[in-house]
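**Student:** My structure is below; once you've seen it, I'll send some questions.
The values are calculated or read from the model by the stated rules, or taken from the named source; none is laboratory data. Owing to the predicted nature of the structure, the values given are computational and were not obtained by experimental measurement. Virtual Cβ from ideal backbone geometry, glycine too; neighbours counted across all protein chains shown. Surface accessibility is based on the protein's heavy atoms, side chains included, excluding ligands, DNA and RNA. Shrake-Rupley method; radii C 1.70, N 1.55, O 1.52, S 1.80 Å.
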Amino acid sequence: MPSTFDYGETISLECLPYSVQHQDEGVCLLIRMGPHRILLDCGLRDITPLTSELTKYPKCDRSKLPADFVIISHAHSDHADGLLKLHQVFPLLPIYGSEVTSKLLPLNWPEEDAEIISSLCQALPLRSPVEISDGLIVELFPAGHLPGAVAILLTYINEHRSYKVLYTGDFFLSNSRLVEGLRLDELRGIDLDVLLIEGSYGTSRHPHRRQQENQLAERIHHAILDHHSVILPTPALGLGQELLMLLRSHHHFTGRDIDIWVDGKVAAGCDAYLALLPHLPPSVQNFAKHQPLFWDERVKPRVKRLKFEDLADLGQYPVIIITDITTDLSKYYQNNPEKWLILLPEKTELAINNTQTILNQVESYLLAQHSDGSGTTQLIHNLRPQHIVFLHGSRSYLADLTSLEELQNRYHIHSPCAGTLVELPIGETFLQPAPPESNYEGELTELETMITIALPETIMADPRWRDFADTGLIEARWQGEELVLRGLSQRELLHQNSIEEARRKQRLQLSDIECCAICRHQRGQRCGNTAAPLYNFKVTLEGYCPAFERLLTPDI
């Protein structure tokens, strides 16, 4: 590690990130508050950085342990992966978390004895301050994102003053199907000194949660209408169960004669949720009073566990499969791959051998599990800390956040790399470093038939450029008074081509009927005839109105 704590100095507040999840590694932070050392999360696959620190201070008795306490924000592997190894090496090191997290943690190590693992984490109550050491108080607040996920408020009190640090873990302000969002009113006014906050989505802005759900449900609905089966690979906890509840309660699927198969660790996650029903939102508990929450072969759509003997029959008729993100998907579609669609969570990649035969039938969707840029800044402005430490996100996304003028002008901003010690002086003069350059000046030229925009080549140094320029094609749209450019990926182009081919076939079938499919005013399934009752509205290709005018040479 390039930097570490100096136990010979007395610094009120310091943060040493062992990992901030810039790449594949999980989150792990060491916080020093006066004499106390608190490890926040342990998403390290290799805990060597924690054990190697001990050899640097052989004369210090307290360094026999890498920290005085460990507090886990939630049970996802990128925050808890190294916890079992840490416990095995340091069995006397106290580990704390919420009650729900303590019960979900064993799912990270399915091969181990669940009863033994469940005892490694001591449950703390929600919204109730607990003094875990002299002058050190911990309080947990529900953070949304996942059942049991918490924001961790640490308060250290000495003879001079109190210091407060809040670690958000993964947080989500919006309500989802199985988890209520983080409540700002519970945290407002706590006189915060330091905020350790995730920046998973950078400054991106997302549509409303319900709109995201409707878009995904619409895509699955149309895939089934086209006699395609759908595979939804997800992590074991969180998104898989959210998707299952969405499919069971959305109007496109309620009462629909279709089977939803759940496989692998996602099925084990469903079982764990059932054991935690009293901790889930009242609406979910009410749903469970009238029908089973997950497993149900009576009410349509039917929800079943996928067994080995069921694989041979898959694909004979459209089905939906929710399975592990790491599973070899070819076992599901091996008989007729052309009849399957794989839907991936946004910014998720599958191993190539999972999809090598149907790469042109892999699409992505957004069903956010973290707050977007607007939610992130909203939380910050409600808490008004002196220092903000950004973590949990790509370097590019975190750089976007640290360069926001609305944050630069009000707070002390930090975005450290792993191993970089961050000192957090409270109430002292602090010179804010210059924000990273994130704006690029270019030239716009208007020609007779097109417009060109020239940008400096320095923009290519950003790692996001490769994805942006993947196909050389872009999409432009207005956002208020600003024009937003977005690169089109190969996957999107393949998807657009498949949709256009499906529409061409539909127009061919309808070519002898007076309908919108062959009306000269229909463009992109919108009516362009000012005399038509549906002018400027989206229309179905088989629709008809009195203003119909046939194409002279239908493009079919």
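**Student:** Looking at SER128, SER73, which one is at pLDDT 95 or above and in contact with a His (Cβ under 6 Å, 6 or more places away or on another chain)?
**Tutor:** Values: SER128 fails: in contact with a His (Cβ under 6 Å, 6 or more places away or on another chain).
On inspection, the qualifying residue turns out to be SER73.
**Student:** Considering the stretch 356-393 alone, what residues qualify as being over 22 Å from LEU29 (Cα atoms), open to solvent by less than 10 Å² (accessible area, probe 1.4 Å) and in a loop (DSSP other than H, G, I, E, B)?
**Tutor:** ILE358, ALA368
**Student:** Can you tell me which of (1) assigned to a helix (DSSP H, G or I); (2) aliphatic (A, V, I, L, M); (3) surrounded by 23 or more Cβ atoms within 10 Å (Cβ to Cβ) is the one LEU107 doesn't meet?
**Tutor:** For LEU107, the exception is condition (3).
**Student:** Any idea which residue in the stretch 394-414 is most open to solvent (accessible area, probe 1.4 Å), counting only those that are over 22 Å from TYR440 (Cα atoms) and in a loop (DSSP other than H, G, I, E, B)?
**Tutor:** The extreme case among them is ARG410.
**Student:** Within the stretch 262-269, is even one residue in contact (Cβ under 8 Å) with a residue 60 or more places away in the chain, assigned to a strand (DSSP E or B) and open to solvent by less than 30 Å² (accessible area, probe 1.4 Å)?
**Tutor:** Step one: filter the stretch 262-269 for residues in contact (Cβ under 8 Å) with a residue 60 or more places away in the chain, giving 262-265, 268-269.
Then drop every residue that is not assigned to a strand (DSSP E or B), which leaves 262.
Now narrow it down to the ones that are open to solvent by less than 30 Å² (accessible area, probe 1.4 Å): 262.
Yes, there is a match, as at least one residue in the stretch 262-269 is in contact (Cβ under 8 Å) with a residue 60 or more places away in the chain, assigned to a strand (DSSP E or B) and open to solvent by less than 30 Å² (accessible area, probe 1.4 Å).
**Student:** Can you find, within the stretch 107-125, the residue that is modelled with the lowest pLDDT among those that are among the polar types (S, T, N, Q) and under 21 Å from ILE152 (Cα atoms)? First the steps, then the outcome.
**Tutor:** Within the stretch 107-125, the subset among the polar types (S, T, N, Q) is 108, 118-119, 122.
Subset that is under 21 Å from ILE152 (Cα atoms): 118-119, 122.
Numbers: SER118: 72, SER119: 80, GLN122: 93.
This residue is SER118.
**Student:** Checking ALA236 against (1) open to solvent by 10 Å² or more (accessible area, probe 1.4 Å); (2) not in a loop (DSSP other than H, G, I, E, B): exactly one of these is not met. Which one?
**Tutor:** (2)
**Student:** Filtering the stretch 156-168 down to residues that are polar (S, T, N, Q) and touching a residue at least 40 places away in the same chain (Cβ under 8 Å), which residue is most open to solvent (accessible area, probe 1.4 Å)?
**Tutor:** Of all residues in the stretch 156-168, those polar (S, T, N, Q) come to 158, 162, 168.
In the following step, the residues that additionally are touching a residue at least 40 places away in the same chain (Cβ under 8 Å) were identified as 158, 168.
On the way: ASN158: 39, THR168: 1 Å².
Only one residue tops the list, namely ASN158.
**Student:** A further question follows. Would you check which residues across the stretch 132-155 are part of a loop (DSSP other than H, G, I, E, B) and open to solvent by 40 Å² or more (accessible area, probe 1.4 Å) and list them?
**Tutor:** Restricting attention to the stretch 132-155, the residues satisfying the condition of being part of a loop (DSSP other than H, G, I, E, B) are 134-135, 143-149.
Listed by number, the list holds a single entry, ASP134.
**Student:** Another question, if that's okay. Looking only at the stretch 75-93, which residues are in a helix (DSSP H, G or I), touching a helix residue (DSSP H, G or I) at 6+ places or on another chain (Cβ under 6 Å) and of a type in the set (A, V, I, L, M, F, W, C)? Before the answer, list the steps.
**Tutor:** At the first step, the residues of the stretch 75-93 found to be in a helix (DSSP H, G or I) are 77-80, 83-89.
Adding the requirement that they be touching a helix residue (DSSP H, G or I) at 6+ places or on another chain (Cβ under 6 Å) leaves 77, 80.
Selection gives ALA80 alone.
**Student:** Further question: For the stretch 205-226, state whether one or more residues are modelled with pLDDT of 90 or more, of a type in the set (Val, Ile, Thr) and more than 30 Å from ILE342 (Cβ to Cβ).
**Tutor:** No; the residues of the stretch 205-226 include none that is modelled with pLDDT of 90 or more, of a type in the set (Val, Ile, Thr) and more than 30 Å from ILE342 (Cβ to Cβ).
**Student:** If you don't mind, there's one more thing I want to ask. Residues in the stretch 224-238: is at least one out of contact with any Asp or Glu (no Cβ under 9 Å at 6 or more places or on another chain) and of a type in the set (Ser, Thr, Tyr)?
**Tutor:** yes
**Student:** Where the second residue is buried (at least 24 other Cβ atoms within 10 Å of the Cβ) and of a type in the set (Asp, Glu) and the first is at positive phi and touching a residue at least 24 places away in the same chain (Cβ under 8 Å) and lies in the stretch 76-100, which pairs have Cβ atoms under 6 Å and are six or more apart or on separate chains?
**Tutor:** none
**Student:** Of all residues in the stretch 302-313 being surrounded by fewer than 21 Cβ atoms within 10 Å (Cβ to Cβ) and not charged (D, E, K, R), which is modelled with the lowest pLDDT?
**Tutor:** Here is the first cut: in the stretch 302-313, the residues surrounded by fewer than 21 Cβ atoms within 10 Å (Cβ to Cβ) are 302, 304-305, 307-313.
Imposing the further condition that a residue be not charged (D, E, K, R) reduces the set to 308, 311-312.
Values: PHE308: 86, LEU311: 84, ALA312: 80.
For the stretch 302-313, the residue satisfying everything is ALA312.
**Student:** Now for a different question. Exactly one condition in (1) within 25 Å of ASP271 (Cα to Cα); (2) out of contact with any Ser or Thr (no Cβ under 8 Å at 6 or more places or on another chain); (3) not hydrophobic (A, V, I, L, M, F, W, C) is not met by GLY181; state its number.
**Tutor:** (2)
**Student:** From the list ARG466, ARG491, which one is over 30 Å from TYR411 (Cβ atoms), open to solvent by less than 80 Å² (accessible area, probe 1.4 Å) and either in a helix (DSSP H, G or I) or at pLDDT below 75 (or both)? Spell out the reasoning first.
**Tutor:** Working: ARG466 fails: open to solvent by less than 80 Å² (accessible area, probe 1.4 Å).
Just one listed residue meets the conditions, ARG491.
**Student:** Can you name the residue in the stretch 169-220 that is open to solvent by 30 Å² or more (accessible area, probe 1.4 Å), assigned to a helix (DSSP H, G or I) and not acidic (Asp, Glu) and, of all such residues, is farthest from SER12 (Cα to Cα)?
**Tutor:** Going through the stretch 169-220, the residues open to solvent by 30 Å² or more (accessible area, probe 1.4 Å) turn out to be 173-175, 177, 180, 183, 185-186, 188-189, 191, 201, 203-208, 210-211, 214-215, 218-219.
Within this subset, residues satisfying the condition of being assigned to a helix (DSSP H, G or I) are 185-186, 210-211, 214-215, 218-219.
From what is left, the residues that are not acidic (Asp, Glu) are 210-211, 214-215, 219.
Values: ARG210: 44, GLN211: 45, ASN214: 49, GLN215: 49, ARG219: 53 Å.
Filtering first and then ranking leaves ARG219.
**Student:** So, one more: Of all residues in the stretch 270-282, which are open to solvent by 80 Å² or more (accessible area, probe 1.4 Å) and under 23 Å from the mean Cα position of the chain (by Cα)?
**Tutor:** HIS279
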